[in-house]
Structures are given as C-alpha cells and as structure tokens.
Amino acid sequence: MITYVEKGYGLHQAIQAAGHQLVQQNGVWVADNDTAVQAIIDGYIGTSDKLASLAAQYDGLIAAGRNFDGKTFQIDAASQASISAMGALAASVLANTPGAAAWPAGFYWIATDNSHVPMDAMTMYGFAQNVAGYVSTLVLTNAALKAAIGACTTQAQLDAIDVTAGWPAN
C-alpha cells in the first residue's frame, strides 16, 4: 500500500523516469512496485515544481512592465535592449561626447497603454537607469531564490520558500 504525499507533477515524472507507475484507482494510489515507488515518494523534493513557480513569478513581473513617471513601459528582453541603446545615446548626449549623434527631435517612448511619452536626453537617461536598476534587482532576487531552492534538502525547507516574496516594488 502506498502512502501518497502530494509533491507536485515532478514527483510523477520522477516515478516514471525510474521506470515505475503510480495511478489512482477508486481513490487508492496503486504502484507497480510499492517498495520502490514509496522510496521515491519519501525521498522526493519537489524542486522542479517550485522552480516552475519561480519562473512564472519572474516572467509575470517582467510582463507587468516598469512604472516610470506615472506610466508603465514594457521591459521584455527586446525592450530592455532598446532602452539600453537609447540610454547610452542619452548618456553620450548629456556628456557632450565628441562624435555622438544628436538627440532626436520629438523623441518619445511608447507606454503600455500605447501613449507617446516625450523624452529628452535627461529623461531617457533616467528611464534607462530606472529600468536597469529594477531589472537587475529582479534578476538578483530570482537568482537568490533559485539558489535557496537548490540548497533545500527536505520538502519542509522547500515548502518554506515563498517565491512571491522579496521582489522589488514596481
């Protein structure tokens, strides 16, 4: 007889990867090899499910964008590259770097509500710095939570990690 403890989909993958099966029949968990499957259940730490939850949290924060001067802007990877490029140009303009291109007349950035937000070089530089600071904090928080998940040796330790906590405010 199997003593089943819910530990997520990753547990079922681990059982299958070990060449065993576990199915529920009439409300009872039945395995092809009770001893082997119970050992997998007892020893399993559901890091894959916790890591998937963490990835979803991180992706959601990126998808939510970044607030700046009362507007929300996209910060997906392509947007970050564009923001960085224009932030670098803004820095060159502000520093009067010889050979730097002039700041484009009528320049604006498009917010998530599709409004055009005018930005001079100083505003663009501030925006780029703001996004860089926010995204780097997201990346570091994500990395710290991944490391904490990877360091878990028991399910109780893993369960104590809240992947929704510790993120920077937007």
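Details
- Some residue of the range 66-89 being assigned to a strand (DSSP E or B) and without any contact (Cβ under 8 Å) to a residue 12 or more places away in the chain: no
- Residue in the range 2-9 that is open to solvent by less than 60 Å² (accessible area, probe 1.4 Å) and over 26 Å from the mean Cα position of the chain (by Cα) present: yes
- Residue check for Pro104: touching a strand residue (DSSP E or B) at 6+ places or on another chain (Cβ under 6 Å), of a type outside the set (Ser, Thr, Tyr) and more than 30 Å from Ala165 (Cβ to Cβ): no
A quick yes/no check of all residues on (1) out of contact with any Lys or Arg (no Cβ under 7 Å at 6 or more places or on another chain); (2) more than 26 Å from Leu140 (Cβ to Cβ); (3) modelled with pLDDT under 90; (4) of a type in the set (Asp, Glu):
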position	(1), (2), (3), (4)
Glu6	yes, yes, yes, yes
Gln16	yes, yes, no, no
Asn26	yes, yes, no, no
Ala36	yes, yes, no, no
Phe68	yes, no, no, no
Ser92	yes, yes, no, no
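- Looking only at the range 93-112, and only at residues there that are within 18 Å of Ala78 (Cα to Cα) and assigned to a loop (DSSP other than H, G, I, E, B), the one that is least open to solvent (accessible area, probe 1.4 Å): Ala111
- If you check Ile15, Ile40 for being open to solvent by less than 60 Å² (accessible area, probe 1.4 Å) and touching a Leu at 6+ places or on another chain (Cβ under 7 Å), only one passes: Ile15.
- Residues that are among the aliphatic types (A, V, I, L, M), assigned to a helix (DSSP H, G or I) and under 19 Å from Asp76 (Cβ atoms) within the range 113-130 comprise Met124, Ala128, listed in sequence order.
- On the stretch given as the range 126-170, residues that are free of Cβ contacts under 8 Å to residues at least 60 places away in the same chain, surrounded by 17 or more Cβ atoms within 10 Å (Cβ to Cβ) and closer than 16 Å to Ala64 by Cα total 0.
- Residue in the range 74-90 that is touching a Ser or Thr at 6+ places or on another chain (Cβ under 9 Å), open to solvent by 50 Å² or more (accessible area, probe 1.4 Å) and under 28 Å from Thr164 (Cα atoms) present: yes
The values are calculated or read from the model by the stated rules, or taken from the named source; none is laboratory data. Please read all numbers here as calculations on a predicted model, not as lab measurements. Please note: Cβ atoms are built from the backbone with ideal geometry, for glycine as well, and neighbour counts cover all protein chains shown. Surface areas here come from the heavy atoms of the whole protein model, side chains and all, with no ligands, DNA or RNA. Shrake-Rupley method; radii C 1.70, N 1.55, O 1.52, S 1.80 Å.
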